[in-house]
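Each reported figure results from applying straightforward, stated rules to the coordinates on display, with no laboratory input. Everything numeric here is computed off the predicted structure, so don't read it as measured data. Cβ coordinates were reconstructed from backbone atoms using ideal geometry, including for glycine residues, and neighbour counts include every protein chain displayed.
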Amino acid sequence: MPGSTPPLPTPWPSPGIHQGRQVCTDLLRQALLGLAPQADGGVWPLAGTRTLWLADPDFADWPLDEPAVQAALSAWLRQGGRQLRMAGQRFAVTARLHPRFARWRRDWSHVVEAWAPAEGPVPPVLRGLLAAPLWLQWQDAPDWRIRCFTDAVHARAVDAQIADFLQRCEAAWPATTLGL
């Protein structure tokens, strides 16, 4: 349409506590959509991220089944050298609640890792999304609170905790099930 201005890029989330179901879901969606290169050539701060970390017991409240989220993840992974790491406990629940995501994940299994703790639950301190320098940490899932950090210092600290945690995990949620 002549004379119309293009939409402004999605703003960087503000640091601090965000509360409410819609607000938390929108933050997760914004971060996942922000991984993809922009059609207009604009650069969103997360587009250069090489590793995406998602951790939750079952990902029930995440917008993983949305086609736009899957398209953004696909565009991000297509750039090469990217990896999606997930840690959870009940991936059967994840697959049941997000069937399109489960199918999408099968197609991208060469760059999507799923891990489960060998003992105990996913530590609450690691529940969330890390796409450095953005760290969205679930504070309290029943009350819908996410704390947002946007600095490299927090991202490096969380990345170190993730590396330590993965030493105590085992591969989970196989992309295919082989049977006789």
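In the chain, the alpha-carbon atoms span a convex hull of 140 Å³ per residue. In a simple Cβ point-charge model (Lys, Arg +1; Asp, Glu -1; nothing else charged), the stretch 11-113 has a dipole of about 280 debye relative to its Cα centre. Other residues whose C-beta falls under 9 angstrom from the C-beta of LEU84 contribute a net charge of +2, scoring Lys and Arg +1 and Asp and Glu -1. What net charge is computed for the residues neighbouring ALA95, neighbours being all others with C-beta under 15 Å from the C-beta of ALA95, Lys and Arg scored +1, Asp and Glu -1? Result for the neighbourhood of ALA95: +2. About its Cα centre, the chain has a charge dipole of approximately 300 debye under the convention of +1 per Lys or Arg Cβ and -1 per Asp or Glu Cβ, with nothing else charged. Pairs of alpha-carbon atoms within less than 8 angstrom and 6+ residues apart define the contacts here; what relative contact order does the chain have, in percent? Result for the chain is 25 percent. The trypsin sites (Lys or Arg not before Pro) of the stretch 96-180 meeting both criteria, a DSSP state outside H, G, I, E and B (loop) and at most 13 other C-beta atoms within 10 angstrom of the site's C-beta, are ARG168.
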